[in-house]
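One structure is given here, and the rest of the page talks about it.
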Amino acid sequence: MSQFEPSISAMRLVVEIVKTGKLTTAASRLHISQSGASHALRLLESQVGASLFVREWEGLRLSEAGERLLPHIERALVSLDAVGTEAAGISQLKAGSLRVAAVPSLLATMLPAVLREYGARYPGIELSIFEGTDDEVRAWILSGLAHVGFAALPVEGVSAEEIFQDEWLALAPDELFAGKSSITLRELARHPFLMSGGGCETHIQRIFSSAGIEIPDHLTVKQLPTIQAMVAEELGVSLVPSLSVSNMHKGSRALRLKPRLFRRIGMLRAVGGASTPALEAWVTFTRSQLRRGSAPARNNSSAGRKGSS
């Protein structure tokens with residue numbers, strides 16, 4: 001027997017015959033004709049290479065071959081029914097998984113409310129969260145570790161949809177630009193610069209390069225709270241996304257740029273990647289929650305005024 005691929009209906013027929021002892025009754029329960037049932041049974045027996053039933057006066061009883069195969073048939077049907085149940089749960093968003101990757105500034109501000117509401121709507125979906133830099137988010141999408149990601153655009157090699165924007169803000173000591181609510185990149189570049197080493201450096205370098213301004217000698221600092229503390233101690237200035245500015249250190253403030261500049265946030269997916277109902281539901285829901293445009297004003301409220309510790 002080179003390849004054994006029995007009909008599912010034939011296996012169900014075997015189980016019903018065992019229950020009823022009669023082919024006609026089994027066929028009726030399965031809503032198939034008697035001739036169709038007879039054909040399905042003969043085909044299955046030809047694939048097995050032996051009769052599965054012995055005909056007696058009272059009806060049909062299992063043959064030796066049938067008795068040996070019945071437990072396997074029953075287990076196969078149980079597994080098949082489990083597959084059907086699981087598939088129904090997935091399609092109805094009662095089961096499944098979703099892996100979301102994002103940069104820290106988004107996971108600390110915009111995404112928690114989306115994750116909470118999505119989880120409340122679809123409690124059967126298992127959510128996993130990955131936090132990393134823009135490059136790490138891209139790598140997780142490309143490898144399939146994450147189904148969907150959020151990072152600053154542009155991102156190469158993935159399908160990216162701009163979902164919203166947040167503003168770039170200058171961080172400076174309180175008294176450095178006294179009386180001003182906004183400054184130019186050129187004014188910012190005249191002072192010692194603290195470069196974010198947590199993933200924003202590529203975007204910051206692109207901003208200065210596009211303006212034709214050379215970034216002064218700078219110190220690279222990975223953590224934003226450290227940058228804020230160093231700015232408050234008058235060790236330099238910096239440029240950060242507004243979503244990263246929540247509680248300002250005493251002695252520092254955030255100013256808008258002139259002209260204003262915005263970071264484009266994209267929702268990332270693998271090009272040609274497989275979709276699932278859980279992923280499609282996430283994409284649709286996220287689009288409705290994070291509409292294109294600037295981030296909510298509450299995240300930009302520190303711009304142009306002194307923050308509290």
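Please treat every number below as a calculation from the coordinates, not as lab data. Keep in mind it's a predicted model, so treat the numbers as computed, not measured. Every residue, glycine among them, receives a Cβ derived from its backbone with ideal geometry; neighbour counts consider all protein chains shown.
Within a Cβ distance under 12 Å of Val103, other residues only, what is the Lys/Arg minus Asp/Glu net charge? Don't skip to the answer; put the middle values down first.
Numbers: positive: Arg138, Arg263; negative: Glu131, Asp134, Asp135, Glu136, Asp166.
Charge balance in the 12 Å sphere: -3.
Helix 111-121 against the longest principal axis of the chain: what's the angle in degrees, Cα atoms only, rounded to the nearest 10?
The angle comes out near 20 degrees.
Mind checking the full-extension length gain between Glu117 and Ser35? Use 0.36 nm per residue of separation minus the Cα-Cα distance, one decimal, nm.
Details: separation 82, 0.36 × 82 = 29.52 nm, distance 5.43 nm.
Roughly 24.1 nm would be gained on extension.
Got a sec? Which residues in segment 4-21 would a label at Asp81 touch, if it sits 7 Å along Cα→Cβ and we count backbone N under 13 Å?
Flagged as within label range: 12-13, 15-16.
Once the other residues with Cβ under 13 Å from the Cβ of Ala10 are scored (Lys, Arg +1; Asp, Glu -1), what is the net sum? Walk me through the numbers on the way to the answer.
Numbers: positive: Arg12, Arg42; negative: Glu5, Glu16, Glu45.
Surrounding charge for Ala10 is -1.
Using Cα atoms only, what is the angle between the long axis of helix 64-91 and the major principal axis of the chain, expressed in degrees (0 to 90) to the nearest 10?
So the inclination is approximately 30 degrees.
Check the straight Cα-Cα distances from Lys250 and name the lysines below 19 Å, setting aside those fewer than 8 residues away within the same chain.
Within the straight-line cut-off, Lys250 pairs with Lys180, Lys306.
Please state the charge dipole magnitude for the chain, taken about the Cα centre, from unit charges on C-beta atoms (+1 on K and R, -1 on D and E), reported in debye and rounded to the nearest 20.
980
Report the relative contact order of segment 1-153, percent, no decimals, based on alpha-carbon pairs under 8 angstrom and at least 6 residues apart.
Computed value for segment 1-153: 18 percent relative contact order.
Excluding same-chain residues fewer than 8 positions from Lys222, which aspartates and glutamates have a Cα within less than 19 Å of its Cα?
Here the aspartates and glutamates satisfying the reach criterion relative to Lys222 are Glu131, Asp134, Asp135, Glu136, Glu201, Glu233, Glu234.
Given the C-alpha centroids of segment 1-74 and segment 187-234, what is the distance between them in whole angstrom?
76
In nm, give the distance between the simple-model label positions of Ile129 and Gln3, each being 7 Å from the Cα along the Cα-to-Cβ direction.
4.8
Return one number: the angle in degrees, 0 to 90 and rounded to the nearest 10, between the long axis of the Cα atoms of helix 134-143 and the longest principal axis of the Cα atoms of the chain.
Here the helix axis deviates by roughly 10 degrees.
Can you give the calculated 222 nm mean residue ellipticity of the chain, where each DSSP H run of n ≥ 4 adds -39,500 (n - 2.57) and the sum is split over every residue, rounded to the nearest 500 deg cm²/dmol?
-12000 deg cm²/dmol
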